[in-house]
Structure formats: C-alpha cells, structure tokens
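Visitor: The structure's right below; bear with me while I get my questions together.
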Amino acid sequence: MPITSSAARPITPEDVDAVRALLKADRAAARYLTRAAALVESAAKGKGEHRALVTGNAREMRGVVVYAHVAGAEGAAAISAVTVLEPRRRRGVASALLNSACAELKARGARLVVAELADDPALAGLRELFARCGFSEGGRVRDFFKRGVDMVVMERRLTT
C-alpha cells in the first residue's frame, strides 16, 4: 500500500544515526551516497543549505531524501540522495519522499530540480523512480563515475 506524502517529515537530530545506517545499508548505491551521509547531520541541525525528509523512526527508518536549493542559481534545486529500506521498496515510500521534497522546493521558489545519477545497472530502479516522479534525462557526462559509468542529469520542471 502506498504511503501518502503526509508520512514524510523533516529530519531531526535524533534521526541521524538511523538515516546514516539506512544510507549505508543500500548496497547498490552505497558507493554513491558517501556525501549524503555527511549532509544529513547538517540538515538535521538546520545548518547549511541542505534539508532532508524522512519516513520512519529510530527503530525503523524507512526512507530519506536529501535536497537543497543550488547556491548561485536562480530557482534551481538539487536532489542529493534518496533511498528506502530494502523491504519497504516498491510501496510508494520513495515517490512520496521525492514528490514531497519537490513540493517544498517549489513552495520555496524552485522552478527546476535536478539529480545527478550514476548510470549504473544496479541503480536502474532509481532512474525509474525519478521518471515516475516526472523527471527526464536532461544531460549526460560520459565516464564520470568511472570508465563506463556515466553521470545522468535528471531534471523536473516545477513551473508550467
């Protein structure tokens, strides 16, 4: 059963350890999420430009999305990470988190949201998630992550 966007809430300092564990547990994406682990603490403290929404609690953190407005770009924002606990996948958790982040960004003046994803076969589900949430491929950088693994820039326009 899909969750609703009301299940997403801002991260708190009490969530940090559980969110870090969640990011580390995502075996397919863990190597691409190292920076996100550092961002969750500042998001939880309300410091810096990054924010995070979570669903779950310290006992079972189900999902997280980390995002921010892009400094120096008028109305542009970026998704830095999104992941969901393996047994909770394909239930709408990630879609609700991603759509909630986009709604908050739009309310704060964003007109465009981008996400830089590794075109790694292990992350095919992540690209499908972004496509389901209204993102499309806006660009590609060949061999960015390593030889044979491109960076794909997914984008979603928030204004009509």
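The values are calculated or read from the model by the stated rules, or taken from the named source; none is laboratory data. This structure is a prediction, so every number in the text was calculated from the model and none was measured. We place every Cβ from the backbone using ideal geometry, glycine too, and count neighbours over all the protein chains shown.
Visitor: Could you run through region 37-51 and say how many residues are assigned to a helix (DSSP H, G or I), at pLDDT 85 or above and within 14 Å of the chain's Cα centre (by Cα)?
Guide: Qualifying residue count, region 37-51: 3.
Visitor: So which residues in region 1-24 are assigned to a helix (DSSP H, G or I) and at pLDDT below 85?
Guide: Selection gives Ser5, Ser6, Ala7.
Visitor: Could I ask something else about it? Residues in region 34-65 that are surrounded by fewer than 20 Cβ atoms within 10 Å (Cβ to Cβ) and within 17 Å of Leu85 (Cβ to Cβ): how many?
Guide: Total satisfying the criteria: 5.
Visitor: Against the definition (among the charged types (D, E, K, R), exposed (fewer than 13 other Cβ atoms within 10 Å of the Cβ) and part of a loop (DSSP other than H, G, I, E, B)), how does Arg27 come out, yes or no?
Guide: When the stated conditions are applied, Arg27 passes them.
Visitor: Can you name the condition, by its number, that Cys102 falls short on among (1) in contact (Cβ under 8 Å) with a residue 24 or more places away in the chain; (2) out of contact with any helix residue (DSSP H, G or I) (no Cβ under 7 Å at 6 or more places or on another chain); (3) more than 25 Å from Glu49 (Cα to Cα); (4) not aliphatic (A, V, I, L, M)?
Guide: (3)
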